[in-house]
Amino acid sequence: MQSWINTKGFHGKRLYKNLAFALLLFPRLALSQEFHPDAVLRFWGPEGQLLARIQVEIADTPEARARGLMYRRLPREDTGMLFLYPDEAPRIFWMRNTPDSLDMLFADAQGRIRHIAANTQPLSDQRYASLSPVKYVIEIRGGFAARHGIRADCRFTYEEKAP
């Protein structure tokens, strides 16, 4: 293993090669780390009990939905992304350029969770389908749903923050 530093200073060529390689692999990773919560989302159990509360970014435009969490990591356990669609339809998601495992919760227009794709494979093109028409998709850290008892037929509500 060669040292990054020698008695004459750093190995300039090697440093630049490694930086260039990192930028090729993750061109926007360093630039896209900010998380901007737009709403508070709550998960409710079948008996109406509060299961969890998180802050979410809302993706409600075609561009925001296409970008999703690519090149980013959720900053904390209690953060996620809420994808809003204008109608209920079958939805298919993937994990391309998404560095961490996620739980994808697919919900109908009434906020009832219909299907969960748990612990998705990071950085993959594997497809995760809603299995039924949905209006909402929630992405949270992988394993979050199981840790908080969130399952199909639970519900969610959200409240947007004032700008």
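Taken together, the values in this text are just the output of simple stated rules run on the coordinates, not laboratory data. Quick caveat, the model's predicted, so the values are computed rather than measured. Here the Cβ is made from the backbone with ideal geometry for all residues, glycine too, and neighbour counts use every protein chain on show.
So here's what we get for this one:
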read-out: Prolate/oblate/rounded label for the stretch 33-160 (Cα gyration tensor, a/c 1.5); value: rounded
read-out: Sorted by Cβ neighbour density within 10 Å, fewest at the top, the residues VAL40, VAL56; value: VAL40, VAL56
read-out: Simple spin-label estimate for ARG76 and ARG96 in nanometres, 7 Å along Cα-Cβ; value: 3.3 nm
read-out: Computed lengthening from THR157 to ALA66, 0.36 nm per intervening residue step minus Cα-Cα distance; value: 30.5 nm
read-out: Amide H partners (placed H, <5 Å) of ARG73, local residues excluded; value: none
